[in-house]
Amino acid sequence: MFLNAPPKPTKAKHVTYLIATTVLGVMLSIFLHIIIETQYLAWAERTGYAVHWYWGCALHPAIQIILPILGATGGFFLGRFWWKYVYLDRRWAKRMT
């Protein structure tokens, strides 16, 4: 069956895979940033808290910098894990049989 055909792990696939998962991690961190900032602004409006703006954003600059870094790092390591899972160990094929 086509699911048991061994995938060919090449260097180009590996690099592309890592770049794609790193970008995914950054995009998820941006999504998380949006959720956190929206909740923070809703809380500030309810409680009457004065919001300080940094670079057009309500979150502290440390949070603005740390979130994308954590997203990129997490995406990179997620890519390394799934590369090994899918292409090297082929655990997905072992579960199908």
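Before moving on, here are some points about what is shown:
- Å² of accessible area per residue within the chain, as computed with a 1.4 Å probe and no ligands counted: 73
- Helix 61-83 axis, angle to the chain major axis (alpha carbon atoms, nearest 10°): 10
- Between the Cα long axis of helix 11-47 and the first principal axis of the chain there is an angle of about 20°, rounded to the nearest 10.
- Of all accessible heavy-atom area on the chain, the percent that carbon and sulfur account for (1.4 Å): 72
- Potential extension, residue 80-residue 44 segment - 0.36 nm per residue separation minus Cα distance: 9.0 nm
- With only Cα atoms counted, the stretch 23-63 has Rg and Dmax values of 11.4, 37 Å.
- A convex hull fitted to the Cα coordinates of the chain yields 124 cubic angstrom per residue.
- Whole-number percent relative contact order across the stretch 23-83, with pairs defined as alpha carbons under 8 Å at least 6 apart: 56
The values are calculated or read from the model by the stated rules, or taken from the named source; none is laboratory data. In this text the structure is predicted, and so the values were computed from the model without any measurement. Note: areas computed on protein heavy atoms with side chains; ligands, DNA, RNA excluded. Shrake-Rupley method; radii C 1.70, N 1.55, O 1.52, S 1.80 Å.
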